[in-house]
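The block underneath contains the structure these notes are about, expressed in structure tokens.
The values are calculated or read from the model by the stated rules, or taken from the named source; none is laboratory data. Values in this document were obtained by computation on a predicted structure and should not be read as measured data. Because the Cβ atoms are built from the backbone with ideal geometry, glycine has one as well, and the counts that use them run over all protein chains shown. Ligands, DNA and RNA are excluded from the accessible area calculation, which covers all protein heavy atoms including side chains. Shrake-Rupley method; radii C 1.70, N 1.55, O 1.52, S 1.80 Å.
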Amino acid sequence: MREQKSEPTGPDERFEDLVDELLGIEGVTPPSGGGGFGRSALRFHGRMFAMLVRGHLVVKLPATRVDALVDDGEGVRFDANKGTPMREWFSLDPGSTVDWLPLSHEALDFARSNRTDRRE
């Protein structure tokens, strides 16, 4: 009999599970590792859409969606330690009840829409 997988206990394990869930989707690539900004980012055709930063899930979403999540108290605008919040990047509060997978799918859908809106 197969042992049932327990719920992830920390953000690293939760993010690993998220990566495992999303990697089967065409165009999604895993975090590259190494150093620098985006080393933990999931990418869609080279564009970052979700990453783990200091234990927080950070996703790229439309600015209006980020505004709504911030207004609901679910987290804050991500600032990449530069002191200036980025309008399309959202850092989910670790205590939030927002599910990581659907939020990451929203970010993936946003990355898909941006890919078709821009000239390649």
Open item on the list: So for segment 67-80 (the condition being among the β-branched types (Val, Ile, Thr) and touching a Phe, Trp or Tyr at 6+ places or on another chain (Cβ under 9 Å)), does at least one residue qualify?
Closed with: yes
Task: Failed item, numbered, when Glu26 is tested on (1) in contact (Cβ under 8 Å) with a residue 12 or more places away in the chain; (2) open to solvent by 40 Å² or more (accessible area, probe 1.4 Å) - done: (1)
Open item on the list: It is to be established whether one or more residues within segment 43-53 are more than 17 Å from Asp109 (Cα to Cα), without any contact (Cβ under 8 Å) to a residue 24 or more places away in the chain and surrounded by fewer than 16 Cβ atoms within 10 Å (Cβ to Cβ).
Closed with: no
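Return the only residue of Ser104, Ser113 being under 28 Å from Glu26 (Cα atoms) and open to solvent by less than 10 Å² (accessible area, probe 1.4 Å).
Values: Ser113 fails: open to solvent by less than 10 Å² (accessible area, probe 1.4 Å).
Selected residue: Ser104, the only one of Ser104, Ser113 that is under 28 Å from Glu26 (Cα atoms) and open to solvent by less than 10 Å² (accessible area, probe 1.4 Å).
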TODO: Answer yes if at least one residue in segment 77-98 is part of a helix (DSSP H, G or I) and out of contact with any His (no Cβ under 9 Å at 6 or more places or on another chain), and no otherwise.
DONE: no
Open item on the list: Of everything in segment 80-101, what is in contact with a strand residue (DSSP E or B) (Cβ under 8 Å, 6 or more places away or on another chain) and either open to solvent by 40 Å² or more (accessible area, probe 1.4 Å) or touching a residue at least 60 places away in the same chain (Cβ under 8 Å) (or both)? Give them in sequence order.
Closed with: Pro85, Met86, Arg87, Glu88, Asp93, Pro94, Trp100
Open item on the list: Can you find a residue that is more than 15 Å from the chain's Cα centre (by Cα) and part of a loop (DSSP other than H, G, I, E, B) anywhere in segment 61-73?
Closed with: yes
Open item on the list: Would you confirm whether or not segment 63-78 contains a residue that is in contact (Cβ under 8 Å) with a residue 40 or more places away in the chain, open to solvent by less than 60 Å² (accessible area, probe 1.4 Å) and closer than 14 Å to Ser104 by Cα?
Closed with: no
Open item on the list: I need a count of the residues in segment 29-42 that are open to solvent by 40 Å² or more (accessible area, probe 1.4 Å) and in contact (Cβ under 8 Å) with a residue 40 or more places away in the chain.
Closed with: 1
